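One structure is given here, and the rest of the page talks about it.
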Amino acid sequence: MAAQTVTSGSHTAAVPGETLEFEDIQGLVFFGHGHLKYSRYVFLRVKDGARARAWLRTLVERKEVSTASGKRHPGLSETKGKHALQVAFTASGLEHLGVPSEVMTTFLQEFREGMRDRRRARILGDLGGSAPEKWQFGGTDATAPHVVLVLFGRDDADLDVFHASHRERYQDALEEVFLQDADMRQGDTEPFGFRDGISFPYIKGVPTTRTADALGLPVNAGEFILGYPNAYGQYPFSPRVPRAQDPRDLLPEVPRSQRVPGEPRPKDLGRNGTYLVIRKLRQDVKGFWKFVEENSRVPGRSVEENEASKELLAAKLMGRWKSGAPLALCPMKDDPKLGGDATRNNHFEFREDPYGTKCPLSSHVRRANPRDTLVEDPQKSIQLTARHLIIRRGRPYRDALPGGEQEQGLMFVALNTNLGRQFEFIQQTWMNNPKFNDLYDSKDPIAGDNYDPEYPGDDPKNYTAVVPGFPVRQRISGLPRFVHMRGGDYFFMPGIKALRYLGSERAR
């Protein structure tokens, strides 16, 4: 085990962790390219496999795929360029590149089935108005992508030029099926108006400038990067290639400890790669604030009092104030200074609030990361929670609509090495489970699959939000769905060596 350095101001600390091969890992694992405020998700289908492999070889040879240097903290100025590019593939995309079926069977089942699979749709809550057949992309054979290029630039014009330069090179091999722009021109604020990007896993072996009290429990790199021990101390299941299919020796060997007895020494296609979740999520901003106002306004109160009640109820549903300040630390009034303090705004637990009087049990924040409340032992709970975390890299989008209106939402992006145990578990067991935290009819009030009139037989009375209080609690019924699925899929984001192999003529 190597010791990595954590720095913060004048403080340094040694953090044990595996020596990560930063130069072989796509940079999105470590940072969201925040200095490049504009991004474009280019979803493509393979027209010609041989030409697509040649295009991929060029990307690798020119070192155009963004990585992080292993010499310095990934994300500091030394790794920041004027543009960034990441690339990933669906299962169908890998097949179109020529990956044989015997190799495809070594990928995760969830990845092979894809997000639009009927069983997956039920698990994820993609039903009613969010069902795959209603998606803008990814929901049918004709709109299912094979490849995603995520491009980052400094502004709209810069992004257009960057995209055009790549389109000129891939247009003979790939065709565009969907484009989506997303940007961070409003900083870290998501469409509902809350500060986002506060809580994120602290990965062992990754140097960081965050202070120790804001880091939380270090998580093994194998939760997010294939080829390293995960939260169970085991190596995550990684796709592999028969040795005979890598005659140029482009891939690393599968470690001896991970080989199947009697199996010839296979090559590791997954090492330094990860699985990428991309979901375009429409957020009903008007509907959310209309619902909050209707359920917080009290006749006879002043405008100021009703506005304060509205902000409080919205915070109760989210679990944080708009500033990012957590209700666990300031339950009745926003504290913008706390919300903007990265050393304190994520340093809290829920064990001193067992009944949710500060932060409701059903709030989005408690569901997305239960922290120390899954089981009676707080430390054990934190360890269990760490087995179901993801890295989020989403960005807000705004689509122009007829009449000058806008559709707002989030290009949700998550990275993990086990789609079922991490992303799908969070979605099904924490977000959309009405019995989460000993409740019985409450789903995530922000992101849950709540009442949807497009789902046959759905009854609004079955969806509630409970806000504990003294002397009485508030029980709100008829909770509508505020976040709607618009398209997406599961992708494999390979390491650089694996990209070189996939682009080779032998990867067929």
Considering only the stretch 84-132, state which residues are over 22 Å from the mean Cα position of the chain (by Cα) and farther than 20 Å from Q427 by Cα. E95, H96, L97, G98, V99, P100, S101, E102, V103, M104, T105, T106
L384 passes all but one of the listed conditions (1) more than 30 Å from G270 (Cα to Cα); (2) open to solvent by 40 Å² or more (accessible area, probe 1.4 Å); the exception is number (1)
So, in the stretch 26-44, exactly how many residues are in contact (Cβ under 8 Å) with a residue 60 or more places away in the chain and in contact with a helix residue (DSSP H, G or I) (Cβ under 8 Å, 6 or more places away or on another chain)? 8
Do we find a residue being within 18 Å of D444 (Cβ to Cβ) and either surrounded by fewer than 17 Cβ atoms within 10 Å (Cβ to Cβ) or touching a Phe, Trp or Tyr at 6+ places or on another chain (Cβ under 9 Å) (or both) anywhere in the stretch 328-339? yes
Can you tell me how many residues within the stretch 393-436 are open to solvent by 30 Å² or more (accessible area, probe 1.4 Å), under 17 Å from A221 (Cβ atoms) and either at pLDDT below 95 or not in a helix (DSSP H, G or I) (or both)? 2
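Let's see how each residue does on (1) at pLDDT 90 or above; (2) surrounded by 19 or more Cβ atoms within 10 Å (Cβ to Cβ); (3) among the polar types (S, T, N, Q):
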position: Q171; (1), (2), (3): yes, no, yes
position: G193; (1), (2), (3): yes, no, no
position: S199; (1), (2), (3): no, no, yes
position: A214; (1), (2), (3): no, no, no
Matching residues in the stretch 318-348 - criterion: being in contact with a Ser or Thr (Cβ under 6 Å, 6 or more places away or on another chain) and under 21 Å from M431 (Cα atoms): G319, N346
Filter result for R112 (within 20 Å of M493 (Cα to Cα) and crowded, with 18+ Cβ neighbours inside 10 Å): no
Would you confirm whether any residue within the stretch 400-421 is among the charged types (D, E, K, R), touching a residue at least 24 places away in the same chain (Cβ under 8 Å) and touching a helix residue (DSSP H, G or I) at 6+ places or on another chain (Cβ under 6 Å)? no
Output the number of the condition that L374 fails; it satisfies all remaining conditions of (1) open to solvent by 10 Å² or more (accessible area, probe 1.4 Å); (2) in contact (Cβ under 8 Å) with a residue 24 or more places away in the chain; (3) in contact with a helix residue (DSSP H, G or I) (Cβ under 7 Å, 6 or more places away or on another chain). (2)
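Where in the stretch 84-202 are the helices (runs of 4 or more DSSP H), entirely inside, with at least 3 residues that are closer than 24 Å to Q26 by Cβ?
The helices (runs of 4 or more DSSP H) meeting that bar are 91-96, 109-113, 156-170.
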State yes or no: is A164 under 27 Å from R57 (Cβ atoms), out of contact with any helix residue (DSSP H, G or I) (no Cβ under 8 Å at 6 or more places or on another chain), surrounded by 17 or more Cβ atoms within 10 Å (Cβ to Cβ) and aliphatic (A, V, I, L, M)? no
From T189, T140, grab the single residue that is surrounded by fewer than 22 Cβ atoms within 10 Å (Cβ to Cβ), over 24 Å from F224 (Cα atoms) and within 20 Å of the chain's Cα centre (by Cα). T189
Which of the residues belonging to the stretch 457-480 are open to solvent by 100 Å² or more (accessible area, probe 1.4 Å), free of Cβ contacts under 8 Å to residues at least 60 places away in the same chain and out of contact with any strand residue (DSSP E or B) (no Cβ under 8 Å at 6 or more places or on another chain)? P471, V472
Which numbered condition S323 misses (of (1) touching a Gly at 6+ places or on another chain (Cβ under 9 Å); (2) open to solvent by 30 Å² or more (accessible area, probe 1.4 Å)): (2)
Right, A182: open to solvent by less than 50 Å² (accessible area, probe 1.4 Å) and over 19 Å from the mean Cα position of the chain (by Cα) or not? no
Identify the residue in the stretch 465-508 that is part of a strand (DSSP E or B) and at pLDDT below 95 and, among all such residues, is nearest to T274 (Cα to Cα). A465
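In the list R271, R301, which residue meets the criterion of being open to solvent by 60 Å² or more (accessible area, probe 1.4 Å) and either closer than 30 Å to Q245 by Cβ or not hydroxyl-bearing (S, T, Y) (or both)?
Testing whether each residue is open to solvent by 60 Å² or more (accessible area, probe 1.4 Å) and either closer than 30 Å to Q245 by Cβ or not hydroxyl-bearing (S, T, Y) (or both) leaves just R301.
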Pairs needed: first member in the stretch 270-289, of a type in the set (V, I, T); second member anywhere, open to solvent by 10 Å² or more (accessible area, probe 1.4 Å); C-beta distance under 6 Å; at least 6 residues apart or different chains. V285/P191; V285/Q408
For the stretch 381-392, state whether one or more residues are part of a loop (DSSP other than H, G, I, E, B) and within 10 Å of the chain's Cα centre (by Cα). yes
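The values are calculated or read from the model by the stated rules, or taken from the named source; none is laboratory data. In this text the structure is predicted, and so the values were computed from the model without any measurement. Methodologically, a virtual Cβ is constructed for each residue, glycine included, from the backbone with ideal geometry; neighbour enumeration extends over all protein chains shown. SASA here: full protein model, heavy atoms, side chains in, ligands and nucleic acids out. Shrake-Rupley method; radii C 1.70, N 1.55, O 1.52, S 1.80 Å.
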